[in-house]
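A short worksheet on the structure shown next.
Here, each number is a calculation from the coordinates, and none is a lab measurement. Quantities reported herein were computed from a predicted structural model and do not represent experimental measurements. Neighbour counts run over all protein chains shown; Cβ positions are idealised from the backbone, glycine included.
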Amino acid sequence: MKQLPRTAVIILNWNGKDLLERFLPGIIKHTPANTKIIVADNGSQDHSLEYLADNFPLVRTIALEKNYGFAGGYNRALCQVDADYYVLLNSDMKVSEKWLEPCIGLLEEHPDVAACQPKIRALRAPEYFEHAGAGGGFVDHFGYPFCRGRIFASLERDEGQYDDAGRIFWATGAALFLRAKAFYEAGGFDESFFAHMEEVDLCWRLQNLGYHIMTCPRSVVYHLGGGSLPSSSSRKTYLNFRNSLWMLAKNLPCRHFYPRIIVRFFLDGIAAVKFLLQGQAKDALAVGRAHMAFVWRFRKMRKSSRDLPKTLPGLLYKRSIVIDYFLFSRKYFSDLRFNASRANR
């Protein structure tokens with residue numbers, strides 16, 4: 001077998017000893033021997049490091065003194081890893097045989113591609129796509145993310161409908177293949193995000209630099225989901241709404257920023273009302289807190305990125321995914337008025 005270029009699989013762990021025990025043996029089994037496997041520990045208190053030392057002494061560990069979140073944890077870990085390609089893998093991920101080679105091969109073949117992802121299926125329902133990434137991510141003009149195979153809570157059965165290796169807007173942080181040089185060129189993850197949406201922000205910045213993002217469905221992995229924060233967490237709701245607003249503040253050109261923020265606040269208000277009607281008061285309050293955090297810091301966000309290139313990448317969905325989904329019942333990616341063939345160019 002042809003030896004892979006210098007590649008490192010980095011698993012960020014936070015109190016995930018049980019997940020490491022369940023999934024790390026399979027990751028080791030299906031990862032080529034010449035590829036580094038590293039566990040970066042975000043200040044766990046569940047004896048994760050002791051478990052690794054006792055059971056996987058050949059797996060390198062990077063011990064961080066506290067929980068820096070996804071963004072800060074990976075920034076601190078990756079700068080200690082010497083490799084041409086980074087593979088950021090969730091600790092609750094089951095990989096399949098030869099999961100690594102197709103994605104690294106794609107990056108090798110296309111030097112203008114900075115990041116890619118495999119196909120993400122749900123571990124609990126393997127015939128369906130999984131929420132965190134599915135068949136590749138996109139964003140509408142108001143900052144709402146969606147995927148090939150997943151729009152909001154609607155998950156599609158994988159029947160090969162998204163098996164083309166095409167361009168996407170963002171690749172999931174759950175299984176993110178990164179060209180190391182491009183990662184540092186873009187400035188790494190924004191640590192103020194802490195967790196959620198940081199990979200979408202990174203992929204937008206990479207596109208602003210002229211790189212492409214792709215999906216590689218020849219590689220398939222299975223995600224358990226909810227390893228750090230369950231989907232019902234109001235903390236997760238807060239981070240998703242806040243960080244997507246910060247992402248718009250950082251990346252939208254000035255003439256597009258204010259009109260879209262006005263519409264975005266209106267749509268978020270509808271989401272908050274919906275949470276209330278469903279008895280999810282904490283989530284409704286989380287939306288309000290996210291807006292307050294955005295208002296408090298948006299000028300700083302705009303100023304901090306003033307000298308960085310800002311564009312509207314061609315793969316931004318030009319309609320509102322919220323209106324399409326909830327008003328016109330367009331539940332599947334194929335239902336959208338979206339020229340998906342553009343993703344193959």
Revision key, fill the gap. Going residue by residue through the stretch 12-28, the Karplus relation 6.51 cos²θ - 1.76 cosθ + 1.60 with θ = phi - 60° gives ³J(HN,Hα) values, rounded to whole Hz and with x marking Gly or Pro, of 8, 10, 9, 6, x, 3, 5, 5, 4, 4, 7, 10, 4, x, x, 5, 5
Check your understanding: Non-local amide H neighbours of Y68 (under 5 Å, H modeled in plane, Pro and chain starts lacking H): which ones?
Key -> G73
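As an exercise, identify the trypsin sites (Lys or Arg not before Pro) in the stretch 82-127 lying in DSSP coil whose Cβ has no more than 12 other Cβ atoms within 10 Å.
Here the trypsin sites (Lys or Arg not before Pro) that fit, given the DSSP loop and packing criteria, are R124.
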Practice item. Using only Cα atoms, tell me the angle between helix 281-304 and the longest principal axis of the chain; keep it within 0 to 90° and round to the nearest 10. Key: 90
Exercise for review: State which stretch of the chain is the longest one without any exposed GluC sites (Glu not before Pro), exposure meaning a DSSP loop state and at most 12 other Cβ atoms within 10 Å.
Suggested key: 160-345
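Where a ≥ b ≥ c are the square roots of the eigenvalues of the C-alpha gyration tensor, would you call the stretch 46-131 rounded, which needs a/c under 1.5, or, failing that, prolate if a/b is larger than b/c, or oblate?
Because a/c hits 1.5 or more and a/b fails to exceed b/c, the stretch 46-131 counts as oblate.
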Point to revise | Ratio Rg/Rh [Cα only; Rh per Kirkwood] for the chain | key: 0.94
Check your understanding: Just in the stretch 253-336: which chymotrypsin sites (Phe, Trp or Tyr not before Pro) are loop by DSSP and have at most 13 other Cβ atoms within 10 Å?
Key -> F328
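Between their Cα atoms, which of K94/K236; K36/K119; K119/K282 are more than 30 Å away from each other?
Values: K94/K236 23 Å; K36/K119 22 Å; K119/K282 33 Å.
Table pairs above 30 Å Cα-Cα are K119/K282.
For a footprinting-style exposure proxy, rank M214, M301 by other Cβ within 10 Å, fewest first.
Working: M214 23, M301 19.
The most exposed by this proxy come first: M301, M214.
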Study note, to complete from the structure: With Cα coordinates, the longest principal axis of the chain makes an angle with the long axis of helix 234-251, in degrees rounded to 10, of 80
Review point. Any idea what diffusion coefficient the stretch 234-313 gets from Stokes-Einstein, in µm²/s, Kirkwood Rh on alpha carbon pairs, 10 °C, 1.306 mPa s?
Key: 121
Review point. Taking H as built 1.01 Å from N, whose amide H comes closer than 5 Å to the amide H of S320, not counting residues under 5 places away?
Key: none
Practice item. List every residue whose amide H lies under 5 Å from the amide H of A63, counting only residues 5 or more places away in sequence or on a different chain, with H placed 1.01 Å from N in the peptide plane. Key: D41
Practice item. Specify the angular offset, from 0 to 90 degrees and rounded to the nearest 10, of the alpha carbon long axis of helix 198-208 from the longest principal axis of the alpha carbons in the chain. Key: 80
Point to revise | Charge dipole of the stretch 234-313 about the Cα centre (unit charges at C-beta), most positive-ward option of M247, S305, I261 | key: S305
Study note, to complete from the structure: Summing -39500 (n - 2.57) over every DSSP H run of at least 4 in the chain, dividing by its residue total and rounding to the nearest 500, the 222 nm mean residue ellipticity is -12000 deg cm²/dmol
